[in-house]
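First up is the structure itself, then whatever we jot down about it.
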Amino acid sequence: MKWMEFSIHTTQEAVEPISNLLHESGASGVVIEDSADVYQTWDGAEDEIIELNDRDYPEEGVILKSYFPASSFVAETVEEMKQSINDLLLHNIDLGRNEVSLTEIEEEDWAHAWKQYYKPVNITETLTIVPTWEHYTPGSKDEKVIELDPGMAFGTGTHPTTVLCLQVLEQELTGGEHVIDVGTGSGVLAIGAAKFNASKVLALDLDQTAVDVARENAAYNHTGDCITVKQNNLLDHENGQADVVVANILADIIIRLAPDAWKSLKPEGIFIASGIISGKKKEVIEVLQEEGFEIKETKDMEDWAAVTAVKKDR
């Protein structure tokens, strides 16, 4: 399917009225690229903020982008929008440059363009993650390979937080363990646990899309027999106890999860917590210790940390 991208360079003042006009005209979403965002100090959790690249934003003002199905009527729609936007001048709204551009885009480009940057990556001493569409020959008979297609789920397996989890799983699993993967995403940690000889893996995610993708990836890697994928909110209503619980999620959620992680582990069980921005590592460690965990190890990569904790008697 082809789409028409309608782009207009305008002012902060005009963002709301122009956005309303675009929605009323049938736009399938509006993207706002505001030059002020690059230099703004954002409130919120550190691990929910990413660094913005000023090359992706205009030097001044705002660029609004909206998308319309390409059809024989799109030209008429665009002309009507231009007129409606110009009419905002009658209400003393500063339109700034008011420069409009149109670009035809193939929907397939959005869905697949990112794949050219996703290549096989050696994650641990023995594990390599390979996109399902890439040909790869293992370097040795001992090398383990996860073939992964993230689809619409979160997780290519190459982010530092995921790498840290897989490294700890490789280190801690000796074979035959029961593992729970909380917030499984594409299923990479669950599959990794199975590759490291866990006998039983429960993969949980609240997002049904992630559940479907993780289940497909587990089957593709011939690990479906030992991995059960289920839709669930964190560890809610999970009454069993595992040898290992791994959670690669935000630090604030790990803090909330700590009591349920303790309950879901056997004595001396291992809790692997990742997705922790470095600035929150101390807070997470303190909460885990208060809950009855003994910190066994911390690993750091770039600005991220993973904490390995052992369940001890209170």
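Yes/no per residue for (1) assigned to a loop (DSSP other than H, G, I, E, B); (2) closer than 18 Å to Leu127 by Cα; (3) not basic (Lys, Arg):
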residue: Leu164; (1), (2), (3): no, yes, yes
residue: Val168; (1), (2), (3): no, yes, yes
residue: Thr174; (1), (2), (3): yes, yes, yes
residue: Gly185; (1), (2), (3): yes, no, yes
residue: Ile191; (1), (2), (3): no, yes, yes
residue: Asp212; (1), (2), (3): no, no, yes
residue: Arg215; (1), (2), (3): no, no, no
residue: Gly224; (1), (2), (3): yes, no, yes
residue: Leu234; (1), (2), (3): yes, no, yes
Does Ala247 satisfy being out of contact with any helix residue (DSSP H, G or I) (no Cβ under 9 Å at 6 or more places or on another chain) and closer than 16 Å to Val188 by Cβ? no
Outside any helix (DSSP H, G or I), in the same structural domain as Leu204 (by TED's automatic domain parsing) and crowded, with 22+ Cβ neighbours inside 10 Å: does that describe Ala261? no
Say whether the condition of being surrounded by 11 or more Cβ atoms within 10 Å (Cβ to Cβ) and modelled with pLDDT under 80 is met by at least one residue in the stretch 6-24. no
One residue is enough: does the stretch 177-188 have a residue meeting the conditions surrounded by fewer than 22 Cβ atoms within 10 Å (Cβ to Cβ) and either at pLDDT below 95 or over 20 Å from Thr298 (Cβ atoms) (or both)? yes
Number of positions in the stretch 200-217 that are within 12 Å of Thr228 (Cβ to Cβ) and surrounded by fewer than 16 Cβ atoms within 10 Å (Cβ to Cβ): 0
Going through Glu268, Glu291 one at a time, which residue ends up being surrounded by fewer than 16 Cβ atoms within 10 Å (Cβ to Cβ) and of a type in the set (Asp, Glu)? Glu268
Residue identified as modelled with pLDDT of 85 or more, loosely packed, with under 13 Cβ neighbours inside 10 Å and either in contact with a strand residue (DSSP E or B) (Cβ under 7 Å, 6 or more places away or on another chain) or not polar (S, T, N, Q) (or both) among Glu79, Glu33, Glu59: Glu79
Please state which one of Ile272, Ile295 is in a strand (DSSP E or B), among the β-branched types (Val, Ile, Thr) and farther than 21 Å from His159 by Cβ. Ile295
Which numbered condition trips up Ile276, out of (1) under 19 Å from Leu169 (Cα atoms); (2) surrounded by fewer than 18 Cβ atoms within 10 Å (Cβ to Cβ); (3) of a type outside the set (S, T, N, Q)? (2)
Is at least one residue of the stretch 240-253 part of a helix (DSSP H, G or I), of a type outside the set (Gly, Ala, Ser) and in contact with a strand residue (DSSP E or B) (Cβ under 9 Å, 6 or more places away or on another chain)? yes
Checklist (1) surrounded by fewer than 23 Cβ atoms within 10 Å (Cβ to Cβ); (2) under 14 Å from Gly183 (Cα atoms) applied to Asp243, failing item: (2)
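The values are calculated or read from the model by the stated rules, or taken from the named source; none is laboratory data. Predicted, not measured: the structure shown is a model, and the values here were computed from it. With ideal geometry, Cβ positions are generated from the backbone for all residues, glycine too; neighbour counts draw on all protein chains shown.
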